[in-house]
Amino acid sequence: MQLAHAARLLADARSFAALAPLAAAAGVDGPPVTLSRATRASAGLTDAGVIRARLVTGPGALRALLADVDGRSTPRALRDTARALATTLARHAPELLWLLVLRDDTDDGPHAGDVTLAAWSPTPRGPRVVALTSNPARVLDSDADTLRALAACADPDPAGTTSAATADLRTHAGWLDALGRDALGARFYHALEHTVDALARSTGLADAEPARELALVYTTRLLFLAFLQAKHWLDGDPAFLARHFDACMATGGRYHDRVLRPLFFGTLNTPRRHRATTARSFGRIPFLNGGLFAPTRLERRFRTARFGDPELGALVVTLLGRHRFTAREDSTTWSEAAVDPEMLGRAFESLMHADDRRASGAFYTPQTLVDHATTAALRAALLAGDRGADTAPAAVDAALAGRPLDAVDAARLRARLADLRVLDPACGSGAFLVHALERLATLHTLAGDPRPTSELRRAVCATSIFGVDVNPTAVWLCELRLWLSVVIDHDERDPDRVPPLPNLDHNVRVGDALAVPPALAALTRHAWGGAPWGTTAPVPNAGASGTAALRSRYAALAGPRKLAAARRLDALERAHALATFDRALAQLRHARRDLLDALRTRDLFGARRTPDRATTARLAALRADVRALARRRAALAAGGALPFGFAWHFPDAAAAGGFDVL
């Protein structure tokens, strides 16, 4: 099948009758049989929102269900219906191999007229659905390419060398591959790498490293906007970025200066009431806050750097404009033939050179491993400690499986979740943190929290999710994915009413989690009895709770109040660091005084002890460390750079004895 033919089939799918050619393209080409209302009801199709349906019989065990869906029943009608139908058909007809062809039968709304093709494979947690969702009014190249791949599965054995049952299984396996995300992802990563390289070269900067970092900053911002564009939050236009590029090129070009800079800094990063005329001309654009669209330190350093129009066009029109984006991450139950936030992690890996990946340990973590490890860790944390001791393992297992709890178990779970802290000390692009955020929000709902999903995730993100990574770009992508997870399930259709993003820069930090802070390193060098001085028990920190409360408030602030809170947080962190250095200095000085007192004390015969070589070396080392630590302390007090340290960047967790989940 040619790409143009595949695009035409998708574009023609504007009625219930036009769904049959899509099933035929996939190899299920028998005559459609209309299912009566009674048949739909007895099969459970009506409960899934199906208002009309036809059954198509293909070769052997292959079947297709064509259905019109009432899109008003849920904001995510086709996805929810596909999952419900997969569960129903897997239970009632597990011996058949199904393809779903669904259409949203509504006249308005962002998903009106959408068409979904879906298949599934069985898993212990239920069917895992893979799907392509397209809209006849705007068929993208990636949509047509996926349908073409689906059509290529229609005759897996043209020579007739295998049995009919084997051929059916091969066809179905081909559907799963074509509708899944991996095939699309491989093409997207390859194109993305070439686009970022070209974008970096277009700056004309002599140093390739900052040029590439600037290119990554702009690419990630535009990727984020592609997800928002898919939700119709950029002036309600699903082709907002490409349309403005075309308009800019028609009037002289300079897309970077005339469109992107005012869009990023004057619109997305500026409250609506403070926007200039140019910013208002973009239409209904949400105020996002969060720091994603604030000028970075690198941008301020290279103020004159600009990207070329051809290279920006390759990114905005060719790459982003030809791929479908979905803000819904791939999961153990759903995978979509579209670019989703999780793919940013793989994209980040693909954009790093192999030597850099090996040196930093930056490798993509498969979703199945993320799910398994997070489930096990949360189970252990929820059953640990005094508050969790009364929580029955069966209740925790039920909650983690998404099953409802009784009032007593819900109250116990709610108490345990209240101050649960999750840390990924090498968070990369955020695979574990995003998954933990979504699982914790679900647990809060099961524990009786009535707030909407997006509001719950916003709150959990501010109080329970923490990360560290040595790579600033990884931290940037981690924040981006957490932001997307916060806004993904927000059902607001008016861009002007989209809530701002939370400030996460005090939850996800740039730093080396394995680096030992100077104060602790000095203490460790002089450990007696196997433990460093001052580390045998947690040190009470009176300001830790205040830091936690301010950080939580800071997450929701914007404008001057945000800047004031950030300065206050920075001052508190520096104060915690200075207090840590003071404690270390006091203990080192005390240790040195103890040694000197022991040497000066006379024995029973009135003689002084003569220091041996080891004692002399220890005294010299203590003196050197005290001097070095005092210099570092003085530099910090004078406003010097604050090194990363858990004791001062996360003092509330340190005072509580650490994080609950690592």
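The values are calculated or read from the model by the stated rules, or taken from the named source; none is laboratory data. Quantities reported herein were computed from a predicted structural model and do not represent experimental measurements. Here the Cβ positions follow ideal geometry from the backbone for every residue, glycine too, while neighbour counts run over all protein chains shown. Calculation scope for accessible area: heavy atoms of the full protein, side chains included, ligands and nucleic acids excluded. Shrake-Rupley method; radii C 1.70, N 1.55, O 1.52, S 1.80 Å.
Please verify whether segment 566-574 includes one or more residues that are within 42 Å of the chain's Cα centre (by Cα) and not in a helix (DSSP H, G or I). No, every residue in segment 566-574 fails to be within 42 Å of the chain's Cα centre (by Cα) and not in a helix (DSSP H, G or I).
For segment 205-235, how many residues are of a type outside the set (A, V, I, L, M), in contact (Cβ under 8 Å) with a residue 40 or more places away in the chain and either within 16 Å of R481 (Cβ to Cβ) or outside any helix (DSSP H, G or I) (or both)? Show your work before the answer.
Filtering segment 205-235 down to residues of a type outside the set (A, V, I, L, M) leaves 207, 209-210, 212-213, 218-221, 224, 227, 229, 231-233, 235.
If we keep only those that are in contact (Cβ under 8 Å) with a residue 40 or more places away in the chain too, we end up with 210, 213, 218-221, 224, 227, 229, 231-233, 235.
Filter once more, keeping what is either within 16 Å of R481 (Cβ to Cβ) or outside any helix (DSSP H, G or I) (or both): 219-221, 224, 227, 231-233, 235.
Residues meeting the conditions: 9.
Being exposed (fewer than 15 other Cβ atoms within 10 Å of the Cβ) and in a helix (DSSP H, G or I) is a property that does not hold for D491. Criterion applied to T473, T580, T535 was being β-branched (V, I, T), open to solvent by 40 Å² or more (accessible area, probe 1.4 Å) and modelled with pLDDT under 90, and the one residue passing it is T535. Taking the criterion of being buried (at least 20 other Cβ atoms within 10 Å of the Cβ) and either charged (D, E, K, R) or closer than 9 Å to G308 by Cα (or both), the residues of segment 183-206 that qualify are L199, S202, T203.
Only one of P136, P110 is surrounded by fewer than 23 Cβ atoms within 10 Å (Cβ to Cβ), modelled with pLDDT of 90 or more and not hydroxyl-bearing (S, T, Y); which? Let's see the steps before the verdict.
Working: P110 fails: modelled with pLDDT of 90 or more.
Going through P136, P110 in turn, the sole match is P136.
Take the conditions modelled with pLDDT under 90, crowded, with 20+ Cβ neighbours inside 10 Å, among the charged types (D, E, K, R) and assigned to a helix (DSSP H, G or I) and apply them to D625. Does it pass? Considered against the rule, which asks whether it is modelled with pLDDT under 90, crowded, with 20+ Cβ neighbours inside 10 Å, among the charged types (D, E, K, R) and assigned to a helix (DSSP H, G or I), D625 comes out as yes. For segment 552-573, the count of residues that are touching a residue at least 40 places away in the same chain (Cβ under 8 Å), more than 19 Å from R525 (Cα to Cα) and open to solvent by 80 Å² or more (accessible area, probe 1.4 Å) is nonzero.
For residues that are open to solvent by 70 Å² or more (accessible area, probe 1.4 Å) and over 21 Å from D107 (Cα atoms), scanning just segment 9-46, find the one that is modelled with the lowest pLDDT. Please lay out each step first, then the result.
Here is the first cut: in segment 9-46, the ones open to solvent by 70 Å² or more (accessible area, probe 1.4 Å) are 12, 14, 29, 31, 33-34, 37-38, 42.
Still in the list and also over 21 Å from D107 (Cα atoms): 29, 31, 33-34, 37-38, 42.
Working: D29: 91, P31: 93, V33: 93, T34: 93, R37: 87, A38: 88, S42: 82.
In this case the residue turns out to be S42.
Residues that are farther than 24 Å from L62 by Cβ and either without any contact (Cβ under 8 Å) to a residue 24 or more places away in the chain or not basic (K, R) (or both) within segment 115-154 comprise P124, N135, P136, A137, V139, L140, D141, S142, listed in sequence order.
Is one or more of the residues making up segment 75-96 more than 19 Å from R63 (Cα to Cα) and in a loop (DSSP other than H, G, I, E, B)? There is at least one residue in segment 75-96 that is more than 19 Å from R63 (Cα to Cα) and in a loop (DSSP other than H, G, I, E, B). Residues in segment 47-58 that are modelled with pLDDT of 80 or more and not in a strand (DSSP E or B): G49, G58.
Among what's in segment 88-105 and is touching a strand residue (DSSP E or B) at 6+ places or on another chain (Cβ under 9 Å) and not hydrophobic (A, V, I, L, M, F, W, C), pick the residue that is modelled with the lowest pLDDT.
Out of the qualifying residues, it is D105.
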